[in-house]
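Shown next, in structure tokens, is the structure this report addresses.
The values are calculated or read from the model by the stated rules, or taken from the named source; none is laboratory data. Note that this is a predicted model, so its numbers are computed, not measured. Here the Cβ positions follow ideal geometry from the backbone for every residue, glycine too, while neighbour counts run over all protein chains shown.
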Amino acid sequence: MVHGHSHDGAPCQGHGHDHGHGHGHDHEGAGGSSHRSPQDVAMLVEQLRLAGVDVSTLPNIPTAPRDMDEARNKSYQFWSTQPVPQMDELVPADVNCAIEENIPLDKVRAEPFSLPTGFRWSNVDLNDEAQLNELYNLLTKNYVEDDDSMFRFDYSAPFLKWALQVPGHRPEWHCGVRADSNNRLLAFIGAVPQVVRVYDKTVKMVEINFLCVHKNLRSRRVAPVLIREITRRVNITGIFQAAFTAGIVIPKPVSVCRYYHRSLNPRKLIDVRFSHLSQKMTMARTIKLYKLPEETVTRNLREMTQSDVPQVFKLLTNSLKQYSLAPVFSDDQELAHALIPRKGVVYSYVAENHNGKITDLVSFYSLPSTVMGHTNHKAIYAAYLFYYVAGSVSVKQLLNDALILANKEKFDVFNALDLMHNEKVFSDLKFGKGDGNLQYYLYNWKCADMKPSQIGLVLQ
Ligand SMILES: CCCCCCCCCCCCCC(=O)SCCNC(=O)CCNC(=O)[C@H](O)C(C)(C)COP(=O)(O)OP(=O)(O)OC[C@H]1O[C@@H](n2cnc3c(N)ncnc32)[C@H](O)[C@@H]1OP(=O)(O)O
């Protein structure tokens with residue numbers, strides 16, 4: 001299933017899929033869609049499986065709804081049992097509260113949920129190089145792909161440490177599943193603590209990420225067991241809410257965002273079919289169109305350092321107040337973990353005026369994708385916009401500087417969601433609209449829907 005979007009003459013790009021993989025399919029004039037509904041596909045796959053076909057070898061068939069209309073017609077065997085708003089529920093503006101009351105801690109289930117026979121729970125110790133590599137390998141071979149199985153996220157091992165070992169992390173929230181027979185790591189779900197403000201309420205939550213089930217173990221309802229188990233392990237600590245994002249639609253997104261892509265290395269992106277040459281454009285003109293200057297424009301923009309942390313804490317904390325969904329950094333240590341530059345992981349820059357005051361911040365993280373089955377190219381190097389504050393310059397200038405810096409670091413593409421103030425500058429900065437949504441979700445929380453511009457929370 002492909003949704004093509006041309007955007008201001010830029011190549012259309014983007015595949016329907018979490019976190020914004022993309023490639024361009026110009027299907028103007030492609031006529032009516034003839035794709036099967038997710039239910040049809042699921043039934044077919046199930047019939048094949050019952051007939052003894054190894055369905056894990058089938059291409060990545062999206063059986064889960066990718067948009068709200070598809071989702072409204074689906075029945076959710078697992079999600080209908082969970083404390084989340086119904087798909088068709090319109091929450092009024094004055095409602096902003098938990099769905100279920102907190103369970104008294106002595107009433108939280110003490111035993112882990114049961115896995116299918118032959119599998120067992122196993123925390124993944126990310127400080128153990130071998131276990132970190134096992135998680136890296138599980139994800140690099142089995143994590144999120146685009147609908148056409150051309151690209152797959154390739155989170156690096158240092159990135160996984162950064163994203164999962166935030167201050168206050170807990171070993172049991174790096175929740176793995178192993179096969180008894182050979183001890184292989186076959187599934188994972190991660191939780192990290194994060195205080196999140198939703199409208200006017202500040203709530204202790206976890207962020208859930210890196211849910212992954214090995215391809216050979218798919219469609220066997222292991223994911224619901226992982227989700228129930230991580231919920232239990234989080235509830236035991238007195239936390240009853242979570243935030244997460246996904247490319248699929250389940251009940252019920254608080255916001256539906258969209259990735260946009262800014263080509264930095266158009267030749268390569270076209271080569272790997274992430275994007276395509278738009279009509280009436282030559283390669284030479286396309287390369288010229290996306291060419292960026294060597295030097296940033298904002299005065300005194302430089303890499304952020306440890307000594308900037310107290311000022312950046314104030315600057316960002318204050319800026320995040322304008323959004324309806326935003327993280328609340330508890331202290332300097334938490335902010336430093338999120339933003340202090342780590343080569344190949346996270347890049348942060350600040351502008352300092354002549355009085356030594358930090359006025360602006362811009363950051364992005366590095367998330368490459370494996371290019372599957374291409375002879376020349378093995379990976380796309382993608383930078384993803386993270387937190388920023390345009391204090392003394394325009395958002396447009398600051399994000400243009402981010403493009404220049406990412407280009408200098410040899411990224412091939414710069415991705416950003418249409419949240420915060422981003423959408424306003426996309427066309428001027430030559431971003432093209434992607435074709436998959438990224439849904440934002442809150443677990444056990446009910447509140448009015450948000451526009452992407454109300455979102456100030458960026459997950460990895
Ligand atoms: C208080 C604390 C609360 C903490 C928990 C908060 C909730 C956290 C929620 C998790 C946030 C994760 C954030 C991220 O990491 S988003 C990234 C998710 N990972 C991938 O896409 C990687 C590639 N795919 C896989 O590894 C598997 O396909 C996964 C593991 C995704 C599903 O495995 P499998 O394909 O073998 O399916 P199944 O037969 O076991 O299970 C089918 C059921 O699972 C529901 N499903 C499928 N995908 C997702 C999804 N991305 N979020 C929520 N639910 C999902 C699905 O609707 C169905 O339920 P229902 O339709 O019948 O109702």
Filtered residues of region 281-334 (kept if of a type in the set (F, W, Y) and within 22 Å of N407 (Cβ to Cβ)): Y290
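Could you identify the single residue in K314, K288 that is within 18 Å of S348 (Cβ to Cβ), basic (K, R) and assigned by the TED database to the domain that holds P341? Steps first, answer last, please.
Working: K288 fails: within 18 Å of S348 (Cβ to Cβ).
Of K314, K288, the one residue that is within 18 Å of S348 (Cβ to Cβ), basic (K, R) and assigned by the TED database to the domain that holds P341 is K314.
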Condition met for G190 (at pLDDT 95 or above, more than 30 Å from T375 (Cα to Cα) and over 17 Å from the mean Cα position of the chain (by Cα)): no
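Per-residue answers, yes or no, for (1) over 15 Å from D308 (Cβ atoms); (2) at pLDDT 95 or above; (3) among the small types (G, A, S):
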| position | (1), (2), (3) |
| --- | --- |
| P327 | yes, yes, no |
| I340 | no, yes, no |
| Y347 | no, yes, no |
| N353 | no, yes, no |
| D360 | no, yes, no |
| G373 | yes, no, yes |
| L385 | yes, yes, no |
| Y388 | no, yes, no |
| V393 | yes, yes, no |
Residue within region 64-80 that is modelled with pLDDT of 90 or more, more than 16 Å from the ligand (Cβ to nearest atom) and among the aliphatic types (A, V, I, L, M) present: no
Pairs, first farther than 21 Å from C447 by Cα in region 64-87, second more than 8 Å from the ligand (Cβ to nearest atom) and in a loop (DSSP other than H, G, I, E, B), C-beta under 6 Å, six or more apart: P65/V249; R66/G16; K74/P65
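In this structure, is P368 farther than 23 Å from F159 by Cβ and either surrounded by fewer than 20 Cβ atoms within 10 Å (Cβ to Cβ) or out of contact with any Ser or Thr (no Cβ under 6 Å at 6 or more places or on another chain) (or both)? Quick ask: steps written out before the conclusion?
Working: farther than 23 Å from F159 by Cβ: no; either surrounded by fewer than 20 Cβ atoms within 10 Å (Cβ to Cβ) or out of contact with any Ser or Thr (no Cβ under 6 Å at 6 or more places or on another chain) (or both): yes.
Judged against the criteria, P368 is not a match.
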Yes/no for D308 being charged (D, E, K, R) and buried (at least 16 other Cβ atoms within 10 Å of the Cβ): yes
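Check V196, V225 and return the single one that is away from the ligand (no atom under 11 Å from the Cβ) and in contact (Cβ under 8 Å) with a residue 24 or more places away in the chain.
Working: V225 fails: away from the ligand (no atom under 11 Å from the Cβ).
Matching residue, one of V196, V225: V196.
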Test for N407: is it assigned to a helix (DSSP H, G or I) and either out of contact with any helix residue (DSSP H, G or I) (no Cβ under 8 Å at 6 or more places or on another chain) or surrounded by fewer than 22 Cβ atoms within 10 Å (Cβ to Cβ) (or both): yes
Selection count where residues are of a type in the set (K, R) and not in a strand (DSSP E or B), scope region 159-198: 3
Count of region 204-222 residues which are more than 7 Å from the ligand (Cβ to nearest atom) and under 18 Å from the mean Cα position of the chain (by Cα): 2
Criterion (in contact with a Lys or Arg (Cβ under 7 Å, 6 or more places away or on another chain) and surrounded by fewer than 22 Cβ atoms within 10 Å (Cβ to Cβ)) met by exactly one of I250, I239, I227: I239
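Every residue, every condition in (1) out of contact with any strand residue (DSSP E or B) (no Cβ under 6 Å at 6 or more places or on another chain); (2) within 16 Å of the ligand (Cβ to nearest atom), yes or no:
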{"site": "T231", "(1), (2)": "yes, yes"}
{"site": "V234", "(1), (2)": "no, yes"}
{"site": "I239", "(1), (2)": "no, yes"}
{"site": "A242", "(1), (2)": "no, yes"}
{"site": "I248", "(1), (2)": "yes, yes"}
{"site": "S255", "(1), (2)": "no, yes"}
{"site": "R267", "(1), (2)": "yes, no"}
{"site": "R273", "(1), (2)": "yes, no"}
{"site": "K280", "(1), (2)": "yes, no"}
Residue list for region 81-108, restricted to those being of a type in the set (A, V, I, L, M) and within 16 Å of the ligand (Cβ to nearest atom): V84, M87, A98, I99, I103, L105, V108
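Could you list, in sequence order, all residues of region 199-221 that are aromatic (F, W, Y) and outside any loop (DSSP other than H, G, I, E, B)? Break it down into steps so the answer makes sense when it comes.
The first filter runs over region 199-221 and keeps only residues aromatic (F, W, Y), leaving 199, 210.
Selection gives F210 alone.
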